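Here is the structure we will look at.
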Amino acid sequence: MLELLVMQTKIGGVNIIKEFFKKNWWRYLIGITFLLVIDYMQIFIPKRIGDIMDDLKLIKDFEVIKLSIYSILILAISIMIGRFIWRFFIFGTSRLFEFKTANIMFSHILDQSYDFYDKWRTGDLMTRFTEDLNAVRMAMGPSIVMIIDTVFMSTITIIAMINFVNPKLTLLSLTPLPIIGLITLFFGRTIRKLFKNLQKTISDLSDHTEESYAGIHVVKVFSLENTMKKRFNDRSMKYYDAQMKLIKTWGLMFPLIQFLASLSGVLAIYFGGKMVINNEITFGQLVMFYSYIGMLVWPMMAVGWVVNVLQRGKASYQRLMEIMKSKSSVIEPENIDRSYKFKGHIKINNLNFKYSGSEKYALKNINMEIKPGEMVAFVGKIGSGKSTLPKLLLKFYPVEDNTIFIDGIDINKIHSKIIRDNIAYVPQESFLFSMPIEDNISFAHPKEVKKAPKYAKIANVHEDIIDLPEKYKTLVGERGVTLSGGQKQRVSIARALAKNAPFIILDDCLSAVDTETEEAIITNLRNNTVNKTMIVISHRLKAVRNADKIYVFENGEIIEQGNHNELLALEGAYYSMYMKQLIEEKLEEE
């Protein structure tokens, strides 16, 4: 535990453990106080047993012996109650730490910008939330008990052995103790390194498993079951090897400590037996002494266990801090200005942007203006940058100052919460939660679940939902697997509409429906969202020809802009794409 606190000061950043102790020190204080009292009370049980053994020779009245036995029972009951109390406070507090830290970590991750999710794998994050957090929790609870038992219990037991029995016998019996200390120092660092490696293999295995299940349709379509089995087996073998290395090290250390602890008992019988024969100590004192040795065995064995738990906790805490030290790359103002009234007047001046780690610009010299109430379309080939711009408007990624303005205010001076509260965004990949359809649609406003059909009708998915067995109560499978691609996309649009935001962004989110259906849905949306600003990103030009303004992207630049007729009149890139799509439609009809 002390190692974790020391390490906390070295790491800096978020003082999770320090802050937790500031607020919950009294819980540990109560638990430790009861633990110390119980440890102290345990010292008197062997003494009472030893006294009874000696008194049997002198006292003929069994009633006197009975009183001694009753006193032992009272001590045992008191110890039982005390153990419950210290377990409740110490173990319970470590569970409280686990609960609070999990919430802190989850909140911290939710506050990160998109480049955080580009960097971290799902399986790795899950391992840190489960395996690593549990390892730190063990260091915050059970290891504290073991440390106190090892130090305090050992100390008072040795003192009792010296005072109640014999100093010479105590010294002879405890000669293995220094060797135990050397063994724990030798194995400690090795265990920490091996555990860090183990956690990494668990992350890799978890990530591969999660990814395999998520992409099961692709695996089935390409008949790659055997390939995926082999890849899983490879990662599983790495996990097994890492686990076995740790087991071998831990398996060698623990028996060594156990052997040395048991050796103390052998020495006690050997030398103590001689002392009884020579009348240096009584038989009752030998029984008492052997009981004390038994009380010392567990603390001595616990040394190895504590080292193992602390080293695991230390390694896992470092992994948790890797997450907690990450900071959002998006600039946010200190306070959220709740008085700000979002109108959605967008102006972009000479915007250049490239993703972290990339040398290529995703957007170059972008200039545009989107007025409130307009319908604007972004078109272009895949990778042209048309989908990147909406992500910047939503503050998913950082931009330079004085490049994007919302209602005349630099976007870096507006809190992302205000922006995202006022923009309904439907991404390319539709994601639905494992809950009923009506709950998915009313996700932003759970209390307005009864309005779900209203927005489903606008998104042209109401009839599809009515045809389902449970209608709006139909439970959506993981990632929306129970619905078709087109249904998922339209439910996602209904969810965005239910947000009732003044600004709507549709990022090529109708690719799973035909051109006529997409055009009909967009027209329906336009008619039902009067006075709302809308950005529609689509590779089907026919679906966006009624937009107030169309921007044509190519290689991250806007190469053409204007309405449908103006762009056709230019006979440039837009004209070529439009005519090509018309020809393709005619060929499909034939």
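The values are calculated or read from the model by the stated rules, or taken from the named source; none is laboratory data. Just so we're clear, the structure is a prediction, and the values are computed from it rather than from any experiment. Backbone-built Cβ (ideal geometry, glycine too); neighbour counts: all protein chains shown.
Let me confirm something: among PHE89, PHE116, PHE97, which residue is over 20 Å from the mean Cα position of the chain (by Cα) and touching a residue at least 12 places away in the same chain (Cβ under 8 Å)? Spell out the reasoning first.
Working: PHE116 fails: over 20 Å from the mean Cα position of the chain (by Cα); PHE97 fails: over 20 Å from the mean Cα position of the chain (by Cα).
Result of the check over PHE89, PHE116, PHE97: PHE89.
VAL544 - would you say it is surrounded by 18 or more Cβ atoms within 10 Å (Cβ to Cβ), among the aliphatic types (A, V, I, L, M) and over 30 Å from SER358 (Cα atoms)?
Values: surrounded by 18 or more Cβ atoms within 10 Å (Cβ to Cβ): yes; among the aliphatic types (A, V, I, L, M): yes; over 30 Å from SER358 (Cα atoms): yes.
Yes: the conditions hold for VAL544.
Looking only at region 21-40, which residues are in contact (Cβ under 8 Å) with a residue 12 or more places away in the chain and among the charged types (D, E, K, R)?
Listed by number, the residues that qualify are ARG27, ASP39.
Give the residue, chosen from THR529, THR533, THR515, that is surrounded by 15 or more Cβ atoms within 10 Å (Cβ to Cβ), out of contact with any Leu (no Cβ under 8 Å at 6 or more places or on another chain), more than 30 Å from ASN352 (Cα to Cα) and of a type in the set (S, T, N, Q). Talk me through it step by step, then tell me what you get.
Values: THR529 fails: out of contact with any Leu (no Cβ under 8 Å at 6 or more places or on another chain); THR533 fails: more than 30 Å from ASN352 (Cα to Cα).
Answer to the check: THR515.
Please find, among GLY273, GLY265, the residue that is assigned by TED's automatic domain parsing to the domain that holds LEU182, modelled with pLDDT of 80 or more and not aromatic (Phe, Trp, Tyr).
On inspection, the qualifying residue turns out to be GLY273.
Considering only residues that are without any contact (Cβ under 8 Å) to a residue 60 or more places away in the chain, assigned to a helix (DSSP H, G or I) and either under 15 Å from THR515 (Cβ atoms) or not polar (S, T, N, Q) (or both), which ones fall in region 563-580? Write out each step before concluding.
Step one: filter region 563-580 for residues without any contact (Cβ under 8 Å) to a residue 60 or more places away in the chain, giving 563-573, 575-576, 578-580.
Next, only the ones that are assigned to a helix (DSSP H, G or I) stay: 564-570, 573, 575-576, 578-580.
Once the filter is applied, which keeps residues that are without any contact (Cβ under 8 Å) to a residue 60 or more places away in the chain, assigned to a helix (DSSP H, G or I) and either under 15 Å from THR515 (Cβ atoms) or not polar (S, T, N, Q) (or both), region 563-580 yields HIS564, GLU566, LEU567, LEU568, ALA569, LEU570, ALA573, TYR575, TYR578, MET579, LYS580.
Based on this model, can you work out whether ALA456 counts as under 20 Å from ILE522 (Cβ atoms) and among the small types (Gly, Ala, Ser)?
Working: under 20 Å from ILE522 (Cβ atoms): yes; among the small types (Gly, Ala, Ser): yes.
The answer is yes for ALA456.
Do we find a residue being in the same structural domain as LYS457 (by TED's automatic domain parsing) and on the phi > 0 side of the Ramachandran plot anywhere in region 419-436?
Keep residues of region 419-436 that are in the same structural domain as LYS457 (by TED's automatic domain parsing), which gives 419-436.
Now narrow it down to the ones that are on the phi > 0 side of the Ramachandran plot: none.
Among the residues of region 419-436, not one is in the same structural domain as LYS457 (by TED's automatic domain parsing) and on the phi > 0 side of the Ramachandran plot, which makes the answer no.
Residues checked against (1) free of Cβ contacts under 8 Å to residues at least 12 places away in the same chain; (2) more than 47 Å from the chain's Cα centre (by Cα); (3) part of a helix (DSSP H, G or I):
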residue: LYS66; (1), (2), (3): yes, yes, yes
residue: ILE74; (1), (2), (3): yes, no, yes
residue: SER78; (1), (2), (3): no, no, yes
residue: THR101; (1), (2), (3): no, no, yes
residue: PHE129; (1), (2), (3): no, no, yes
residue: LEU133; (1), (2), (3): no, no, yes
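For region 336-382: of the residues being among the aliphatic types (A, V, I, L, M) and in a loop (DSSP other than H, G, I, E, B), which is modelled with the lowest pLDDT? Don't jump to the end; show me each part of the working.
From region 336-382, those among the aliphatic types (A, V, I, L, M) are 336, 346, 348, 351, 362-363, 366, 368, 370, 375-377, 379, 382; that's our starting set.
Then drop every residue that is not in a loop (DSSP other than H, G, I, E, B), which leaves 336, 362, 382.
Values: ILE336: 78, ALA362: 88, ILE382: 82.
Result: ILE336.
When region 131-168 is examined, which residues are found to be of a type in the set (D, E, K, R) and farther than 12 Å from PRO299 by Cα?
In the first step, residues of region 131-168 are kept if they are of a type in the set (D, E, K, R); the result is 131-132, 137, 149, 168.
Listed by number, the residues that qualify are GLU131, ASP132, ARG137, LYS168.
I want to confirm something. Restricting to region 472-490 and keeping residues that are among the charged types (D, E, K, R) and modelled with pLDDT under 75, which single residue is surrounded by the most Cβ atoms within 10 Å (Cβ to Cβ)? Let's see the steps before the verdict.
Just the residues of region 472-490 that are among the charged types (D, E, K, R), to begin with: 473, 478-479, 488, 490.
Add one more test, that the residue is modelled with pLDDT under 75, and what stays is 478-479.
Working: GLU478: 11, ARG479: 16.
The selected residue is ARG479.
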